């Protein structure tokens, strides 16, 4: 076959590849801002500078959705102080009283089972919406097994003292807002997701309003 | 007396600071030396002399002759070439002790730009009409900002004798002067002022129109404050007219509602349909504040005729009143064309609704947009009434699909334990939403009575997720019910040898107890040939609430040849060793020492270093330092050592902080 004969085929394959890689902004639905009262300054070390504008759109392959919605969640604290673990993936992110889960003080982890391996592009975490605060020891990892023994990959870690026991991280602490914290997962393939935290600058307890995982099935 | 009180307030802190000591007897000989040093005072310099002079004034208040000498000396100072700062001090003192004797000196100084402010400040505070007359006389001789200042001082004194002059000035072609005069007349608020303001208001135009209306309104407020409500009412009614500036109308509506709510009603009603949102919102708010049912009735009557924003306000006000007579309005408004109105109605039903509102709210929660869904869900949780929970249980049984799921969610959030059986009935529902919410409700609501049902649910689960959920629900119920209810669970566990998934799910439930038989069963399962069962028992023992399983887990971590199980056993051991206890830190370090030898992977070493850092003592530090040579965890070892060393400087050899 002559090179000229290959040309249409190359075009078709190229168009198909372009279609596969078509990127679109993540379908993120932000909750309403909910700060109450007079804000107190967040004076903690290693704090990320606020962006002071809307976060730029995060592009991911077309068809990427929140694959964590209604997926099972377990936690090191089986009996949260308020709320229940299902709230972390229930799709309700108003952040009002009764719509978030509070775990007991100290280091706590939550594990989400996506029920099958997925390609993960981003993780969006809302710990708390009612005031500007910065959580400590935020660690986000993926794993291939529920016990996080094999192929554990750390996507985010701002635990500068290894308080959570997952190693020292170099990511910055950040102030909670209605935008949530978006973590670039760079297309990692995993079934399980583990999030850790060790309270905040305001309280020793950890909270979760919602965690969204944007990805696609394999 | 007012001045004496003021003086005491000013002097008390100075006295307390020890800078100035009060003396029992003061003499005139003290005046001049102090004033001599004050005469050169500049801002920023020491104020000791000033404080001493103020103390002298205070100590002299009961000695009329001495006060006169002080007044005379101060008047001399203000006319001297003393510094401006010194004169300001003298004027302030004169404002406190000045008498008619000061007036001839101060009055001409009001016309001098360099002294006008402070001279007027002092004069305005000197009691008696001599000072008032001086202000009125100077008013006629002054212009510009000096005249405006004097107008302000006359208003401050509420000097009725100045009213005729102020009425004249209120028509001045100089707008700032006219505005100041209008404000002064409103402050003086005597009958002639009121009449004048009424006339000025009726013929004002352009920029003065609003000023005149505001002054007229403020004058009415003064009458109302003095108890002359009829006069005030007349003005408010006049100022509520549509041609008045919107904010004046809002203030007039407020005054009307405050002074006479009954009479306010017919005036407020038309304002509900105002095209100006500010006026409309004020009318809604003040109607909502009128006691009795008339305000509510008027708001309900007007509801269909006002725009969406107004309707939202009306619903908010009615919900705040908590008047259940308006419930039907809310029920109807749930079908309003505006989404905002629908959300407000759904939100209000949480306060005003009853059992009859359950289906309306659940339907909205199931089929509406986010704002309405959130409002409906919150209201379902807030609904009051003795029959509401029973009605909710009945509604769960008679509904299906998303509506049923919403009702189950509400029952779980409300803690309606009577709904536990209805949730059980719904657990096999083919609708995934209903199934999920039924399981959630069971976890929240089920009690000891439901334990056999939950055990059955674990046994008959259609998939692993459902079994795991059922096991968790059973565990939560076990925890709520206490060890006395463990019988059926233990019995089922013992029969589950041939059904590993069921056995593992029941382990979760057993781990929630402190029952010795349950502990023995879990310890025994560590020796099971099935890795699945061993894993389940390790995880269950890791959740045990006491350190009792420590030896079992340590033994397994030492002997287990399956690496994942060895790691899980080690993690469990470290977790239980790290539980809060009264153990001395050195004992905890001793307990954790074997973990340092058993931890092969960096992940486990990091976890151990994190736990050790909680027990600052030499023994912990030795373990940490022994691990510092491992490049994979050197940074974490350094962090742990630093943290411990810092803590040991504070609490050497203490218990876990």
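All of the numbers you see were taken from the coordinates with simple rules; none came from a lab. All values reported here derive from a predicted model rather than from experimental measurement. We place every Cβ from the backbone using ideal geometry, glycine too, and count neighbours over all the protein chains shown.
Data table
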item	result
Residues A:206, B:172 arranged by fewest to most Cβ contacts within 10 Å	B:172, A:206
Efficiency of FRET from Cβ geometry, residue B:143 and residue B:328, R₀ 60 Å, rounded to 0.05	0.35
Residues B:579, B:315, sorted so that the one with the fewest Cβ neighbours within 10 Å comes first	B:579, B:315
Region A:148-218 versus region B:161-200: alpha-carbon centroid distance in Å	69 Å
Region B:556-657: relative contact order as a whole-number percent, Cα under 8 Å and 6+ apart	28 percent
For region B:496-626: Kirkwood Rh in Å [reciprocal of mean 1/r, alpha carbons]	15.1 Å
Cα shape, chain B, gyration tensor, a/c 1.5 rule	oblate
Neighbour-count order for B:617, B:219, fewest beta carbons within 10 angstrom listed first	B:617, B:219
For region B:51-110 versus region B:247-288, the gap between their alpha-carbon centres in whole angstrom	51 Å
Cα convex hull volume per residue for the protein assembly as shown (Å³)	309 Å³
Estimated inter-spin distance, residue B:634 and residue B:516, nm [label 7 Å along Cα→Cβ]	5.2 nm
Relative contact order (%) - criterion: Cα under 8 Å, at least six apart; region: region B:387-445	38 percent
Mean residue ellipticity (222 nm) of the protein assembly as shown, computed from DSSP H runs ≥ 4 via -39,500 (n - 2.57), nearest 500	-17500 deg cm²/dmol
Residue-averaged beta-carbon neighbours from other chains (10 angstrom radius) around A:91-102	2
Paramagnetic reach from residue B:309 (point 7 Å along Cα→Cβ, amide N under 14 Å) across region B:255-281	B:273-281
For residues of A:153-165, the mean tally of beta carbons on other chains within 10 Å	4
Prolate/oblate/rounded call for region B:308-402, Cα gyration tensor, a/c under 1.5 rounded	oblate
Shape call, region B:556-657: gyration tensor on alpha carbons, a/c limit 1.5	oblate
Inter-part distance where region B:416-445 and region B:207-228 are each reduced to a Cα centre, Å	64 Å
Chain B, relative contact order in percent, only Cα pairs under 8 angstrom and at least six apart counted	4 percent
Chain A: Rg to Rh, with Rh as the Kirkwood radius over Cα pairs	1.06
Spin-label model distance (nm) - residue B:524 vs residue B:207, 7 Å beyond Cα toward Cβ	9.7 nm
Calculated Rg and Dmax of region B:422-511 using C-alpha coordinates, Å	12.0, 35
Extension gain from residue A:35 to residue A:179, taking 0.36 nm per residue of separation minus the Cα-Cα distance	50.6 nm
Cα coordinate range in region B:193-310, projected on the principal axes (Å, largest first)	41, 32, 14
